[in-house]
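Here's the structure, in structure tokens; my notes come after.
The values are calculated or read from the model by the stated rules, or taken from the named source; none is laboratory data. A quick note: this is a predicted structure, and the numbers were derived from the prediction, not measured. Neighbour counts are summed over all protein chains in view; Cβ atoms, including those assigned to glycine, are modelled from backbone coordinates with ideal geometry. All accessible areas refer to the heavy atoms of the entire protein, side chains included, with ligands and DNA or RNA removed. Shrake-Rupley method; radii C 1.70, N 1.55, O 1.52, S 1.80 Å.
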Amino acid sequence: DHDAADAFASGLDSEGFTLPGTPAPLEDGGPISVQFWREDAPREIDGITQALSEQARALGGDYDGWECPIIRKDDR
């Protein structure tokens, strides 16, 4: 629900994640979606995603995974 999504989003903000907007359904009548991002090292992602998944479940939600852009060393 919206209250749980707002609580999840507030926790993300305090952990340094960027949220592009407020929690909202992806489609009419669909589940509430919370989109967010933060730059992290891929080798650290397991602990981060486990914590996010546990937070989402505690609030009655599901964590849907993460995406990672490929950045070549010479692009930096």
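A few remarks follow.
- Among the candidates Pro23, Pro69, Pro42, the residue that is within 13 Å of the chain's Cα centre (by Cα) and either open to solvent by less than 60 Å² (accessible area, probe 1.4 Å) or more than 14 Å from Asp1 (Cα to Cα) (or both) is uniquely Pro23.
- For the range 7-21, the count of residues that are of a type outside the set (Phe, Trp, Tyr) and in contact with an Asp or Glu (Cβ under 9 Å, 6 or more places away or on another chain) is nonzero.
- All positions within the range 5-40 that are among the polar types (S, T, N, Q) and within 16 Å of Glu67 (Cα to Cα): Thr18, Ser33, Gln35
- Screening Gly30, Gly47 for residues that are assigned to a loop (DSSP other than H, G, I, E, B) and open to solvent by less than 60 Å² (accessible area, probe 1.4 Å) leaves exactly one candidate, Gly30.
- Test: residue in the range 57-68 that is in contact (Cβ under 8 Å) with a residue 40 or more places away in the chain, among the aliphatic types (A, V, I, L, M) and assigned to a helix (DSSP H, G or I): no
- Residue selected from the range 1-20 under the condition surrounded by fewer than 14 Cβ atoms within 10 Å (Cβ to Cβ) and not in a helix (DSSP H, G or I), by the criterion farthest from the chain's Cα centre (by Cα): Asp1
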